[in-house]
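This report concerns only the one structure given below.
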Amino acid sequence: CGGAPVPTSLITTYHERGLSFVQGYGMTETAPGALMVDPSMSHETVGAAGVAHFFTDVRIVRGDLSDADSGEPGEVVIAGPKVIQGYWRLPDATDRAFLEGRWFRSGDVAVSDEHGVITIVDRMKDVFISGGENVHPAEVEKVLSDHAMVTEVAVIGVADATWGEVGQAFIVRVRNDAVTEADLVAYLKSRLAGYKIPRSMVFVDSLPHTASGKVLKSDLRARA
């Protein structure tokens, strides 16, 4: 599987049926693979993006471009013969996309464990700051997606006079009366820190998607 984050509940469903669930991570600029979960590690790395793909070097770096420690969030940067040399006739975009002329900036936040297995945390542009704390929408979405009555969810940051930004969740339910906002807030309280819990929830029939199945958060931000 690839293209977008996968709910852990779906992965464990495959495992319960005796199947491996192999995820890959990459992008067009890396042609397209960068990370992959080997079948032998599928059951031990649920939700992870895996280790470096063949012909690919992957690092997680801090803002000063030094390597992040194990468990420390940083940006995924990728190098190797499969990575593009640049964007066609866009020299400025090419300069912004590469570090030291070699490492392609993915724009994704990730962490690695002590074995070098990498898990994608979120898109850098999707992270918002609430009361001085970084909130990763993907983390909130993962927890909400595990609720039995939630089919799909997307979380964005919206302006707030007190906290700067707070979360707003767009939720597709199994059926219209399957669960209420109060139910979901109660569900989240035992699973997330208070500042990560969305301050508002919008129940929708469906979420907007790209042709490849990714949620169009730009459309949700425009709606908000």
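Taken over region 182-207, the residue count meeting the criterion of being outside any helix (DSSP H, G or I), more than 16 Å from Gly157 (Cβ to Cβ) and open to solvent by less than 40 Å² (accessible area, probe 1.4 Å) is 2. So if I check each of Thr56, Thr13, which one is closer than 24 Å to Ser212 by Cα, surrounded by 19 or more Cβ atoms within 10 Å (Cβ to Cβ) and among the hydroxyl-bearing types (Ser, Thr, Tyr)? Of Thr56, Thr13, the one residue that is closer than 24 Å to Ser212 by Cα, surrounded by 19 or more Cβ atoms within 10 Å (Cβ to Cβ) and among the hydroxyl-bearing types (Ser, Thr, Tyr) is Thr56.
Only one entry of Val153, Val135, Val140 meets the criterion of being buried (at least 20 other Cβ atoms within 10 Å of the Cβ), touching a Leu at 6+ places or on another chain (Cβ under 6 Å) and under 28 Å from Gly26 (Cβ atoms), and that entry is Val153.
The lone criterion from (1) at pLDDT 95 or above; (2) open to solvent by less than 50 Å² (accessible area, probe 1.4 Å); (3) under 26 Å from Met149 (Cα atoms) left unmet by Gly3 is number (1). Among the conditions (1) in contact with an Asp or Glu (Cβ under 9 Å, 6 or more places away or on another chain); (2) open to solvent by less than 80 Å² (accessible area, probe 1.4 Å); (3) not basic (Lys, Arg), the only one that Gly63 does not satisfy is (2). If you take the residues of region 9-31 that are of a type in the set (S, T, N, Q) and modelled with pLDDT of 85 or more, which of them is nearest to Val76 (Cα to Cα)? Checked region 9-31; the qualifying residue nearest to Val76 (Cα to Cα) is Thr30.
Residues that are modelled with pLDDT of 95 or more and farther than 29 Å from Ser9 by Cβ, at least 2 per element: which strands (runs of 3 or more DSSP E) completely within region 46-141 meet that?
Working: elements: 57-61, 74-79, 103-112, 118-123, 128-130, 133-135.
Because the criterion is at least 2 residues that are modelled with pLDDT of 95 or more and farther than 29 Å from Ser9 by Cβ, the strands (runs of 3 or more DSSP E) in region 46-141 that meet it are 57-61, 74-79, 103-112.
Does at least one position in region 150-162 carry a residue that is in contact with a helix residue (DSSP H, G or I) (Cβ under 9 Å, 6 or more places away or on another chain), not in a strand (DSSP E or B) and not β-branched (Val, Ile, Thr)? Checked region 150-162: no residue is in contact with a helix residue (DSSP H, G or I) (Cβ under 9 Å, 6 or more places away or on another chain), not in a strand (DSSP E or B) and not β-branched (Val, Ile, Thr).
Open to solvent by 40 Å² or more (accessible area, probe 1.4 Å) and out of contact with any Leu (no Cβ under 9 Å at 6 or more places or on another chain): which single residue out of Val215, Val174, Val179 fits that description? Outline the logic, then answer.
Details: Val215 fails: out of contact with any Leu (no Cβ under 9 Å at 6 or more places or on another chain); Val179 fails: open to solvent by 40 Å² or more (accessible area, probe 1.4 Å).
None of the others qualify; the one that does is Val174.
Note on region 135-173: residues that are more than 19 Å from Val204 (Cα to Cα) and within 14 Å of the chain's Cα centre (by Cα) total 3. Of all residues in region 20-36, those satisfying the criterion of being free of Cβ contacts under 8 Å to residues at least 60 places away in the same chain and out of contact with any helix residue (DSSP H, G or I) (no Cβ under 9 Å at 6 or more places or on another chain) are Gly24, Gly26, Thr28, Ala31, Pro32, Gly33, Met36.
Which one is surrounded by the fewest Cβ atoms within 10 Å (Cβ to Cβ) among residues in region 28-37 that are part of a loop (DSSP other than H, G, I, E, B) and in contact with a strand residue (DSSP E or B) (Cβ under 7 Å, 6 or more places away or on another chain)?
Restricting attention to region 28-37, the residues satisfying the condition of being part of a loop (DSSP other than H, G, I, E, B) are 31-32, 37.
Adding the requirement that they be in contact with a strand residue (DSSP E or B) (Cβ under 7 Å, 6 or more places away or on another chain) leaves 32, 37.
Working: Pro32: 14, Val37: 25.
Residue satisfying both the conditions and the ranking: Pro32.
The values are calculated or read from the model by the stated rules, or taken from the named source; none is laboratory data. Since the model is a prediction, treat every value here as computed from it, not as a measurement. A quick note on method: Cβ atoms are made from the backbone with ideal geometry, for glycine too, and the neighbour counts reach across all protein chains shown. Surface accessibility is based on the protein's heavy atoms, side chains included, excluding ligands, DNA and RNA. Shrake-Rupley method; radii C 1.70, N 1.55, O 1.52, S 1.80 Å.
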